[in-house]
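The values are calculated or read from the model by the stated rules, or taken from the named source; none is laboratory data. Source: prediction; values computed, not measured. Quick reminder, even Gly has a Cβ in these numbers, built from the backbone with ideal geometry, and neighbours come from all protein chains shown.
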Amino acid sequence: MATRRYDDSPGLGSLYARTVKATLRKAEYEPDIDGLTLELPRTAVDQDHLTTYREVTGFSAGPALPVTYPHVLAFPLHLDLMSDPSFPYKPMGIVHLSNTITQHKPLPMHAELAIKVHSSPERPHPKGTVFDILSSVTVDDEVVWTDSTTLLSRSAGTPTAHADLLPEPEIEPTAVWDLRSNLGRRYAAASGDRNPIHLFKLAAQAFGFPRQIAHGMWSKAAALASIQRAGGLPDAYTVRVDFRKPLLLPSQATFAHRRTGNAVDFALYNHDQSVTHLIGQLQPR
């Protein structure tokens with residue numbers, strides 16, 4: 001397995017340019033079966049950036065990082081991986097289906113982190129091919145956080161393939177969120193994810209959406225921040241979300257969650273609960 005190491009996080013400007021180029025290329029290569037691993041052996045958290053992230057997602061201040069924050073730190077490596085010539089899919093147009101994070105223990109906000117990213121083998125899906133981008137964070141030679149981002153590359157698909165989905169829970173609403181039109185731009189500034197579908201109405205319309213849509217990882221972060229404020233989060237847990245229908249901006253969304261001990265089922269719907277945007281499960285470890 002080839003490994004690429006960085007002394008600093010790769011710049012997003014050049015990565016986005018390479019992503020566009022990778023989307024326009026012809027598939028004239030055979031991908032490496034073992035794939036490419038990207039490593040950032042040492043990175044420190046920018047405390048001003050962390051504050052901005054907390055403000056846009058709703059996480060409370062504290063000595064530990066929000067559980068979704070390392071995903072933001074790993075995101076440049078995700079882009080680097082998907083725009084590399086060895087990557088078998090065109091990066092623009094890939095659909096984010098699901099995200100699973102395991103936190104083995106809280107990550108100190110001043111710790112030096114080591115980040116590693118690689119992709120899983122592909123597997124069939126009714127609507128194309130799915131694969132995972134796998135990320136891990138190590139502190140003092142101990143893996144303390146892992147992330148699996150499940151992505152779909154659309155094609156004819158395999159009708160008989162199994163689509164792994166969380167069951168939709170029956171939960172009473174616990175909050176109503178009023179989401180402004182600039183939410184996508186605010187989260188893009190905090191996360192680095194400047195996909196045009198999240199930024200402006202005209203840009204989103206060019207990709208077939210009626211107006212801009214919220215980032216899926218913002219929805220996950222905001223849901224967990226809401227659960228944190230309502231009763232706290234365990235120190236060690238696995239939390240998975242499935243992204244269903246896009247969440248248009250501006251809009252009003254309905255959040256629902258239910259605790260069973262330290263476990264939590266949660267979901268995000270539109271204003272009248274006729275459309276499901278996100279389904280999630282949190283299980284303590």
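Looking at R180, R194, just one residue is modelled with pLDDT under 95, of a type in the set (K, R) and within 19 Å of M217 (Cβ to Cβ), and that residue is R194. Among the residues of region 54-75, the ones that are within 16 Å of A222 (Cβ to Cβ), part of a helix (DSSP H, G or I) and within 16 Å of the chain's Cα centre (by Cα) come to 6 in all. The residues of region 1-25 that are at pLDDT below 75 and within 20 Å of F131 (Cβ to Cβ), listed by number, are M1, L15, R18, T19, A22, T23, R25.
Figure legend. Inter-residue proximity from region 189-206: first residues more than 13 Å from P76 (Cα to Cα) and touching a residue at least 12 places away in the same chain (Cβ under 8 Å), second residues of a type in the set (D, E, K, R) and not in a loop (DSSP other than H, G, I, E, B), beta-carbon distance below 6 Å, spacing 6+ or different chains. Indicated pairs: L199/R185.
Condition check for Y89 on (1) surrounded by fewer than 17 Cβ atoms within 10 Å (Cβ to Cβ); (2) on the phi < 0 side of the Ramachandran plot; (3) touching a residue at least 60 places away in the same chain (Cβ under 8 Å); (4) under 19 Å from the mean Cα position of the chain (by Cα): one failure, at (1). Taken together, the criteria place R154 among residues that are touching a residue at least 24 places away in the same chain (Cβ under 8 Å), touching a Lys or Arg at 6+ places or on another chain (Cβ under 7 Å) and assigned by TED's automatic domain parsing to the domain that holds G62.
Applying a threshold of 7 Å to beta carbon distances and a minimum spacing of six or more residues, or different chains, the list of pairs starting in region 231-246 at a residue that is within 30 Å of A204 (Cβ to Cβ) and ending at one that is of a type in the set (K, R) reads V241/K220.
Hey, can you tell me all the residues within region 183-202 that are farther than 25 Å from T150 by Cβ and not basic (K, R)?
A189, F200, L202
Restricting attention to region 107-118, the residues that are outside any loop (DSSP other than H, G, I, E, B), farther than 30 Å from L165 by Cβ and in contact (Cβ under 8 Å) with a residue 60 or more places away in the chain add up to 2. Please determine, by comparing only the residues of region 189-204 that are assigned to a helix (DSSP H, G or I) and in contact with a Lys or Arg (Cβ under 7 Å, 6 or more places away or on another chain), which one is surrounded by the most Cβ atoms within 10 Å (Cβ to Cβ). Across region 189-204, the extreme among qualifying residues is A204. The C-beta contact set for region 121-145 (first residue in contact (Cβ under 8 Å) with a residue 12 or more places away in the chain, second residue buried (at least 20 other Cβ atoms within 10 Å of the Cβ) and of a type in the set (K, R), distance under 6 angstrom, 6+ apart or interchain) comprises S136/K116. Scoring H78 on the criteria (1) assigned to a helix (DSSP H, G or I); (2) closer than 19 Å to T238 by Cα; (3) not hydrophobic (A, V, I, L, M, F, W, C) leaves a single failure, condition (2).
Among the residues of region 131-146, which ones are surrounded by fewer than 17 Cβ atoms within 10 Å (Cβ to Cβ) and either of a type in the set (D, E, K, R) or not assigned by TED's automatic domain parsing to the domain that holds Y89 (or both)? Matches in region 131-146: D140, D141, E142.
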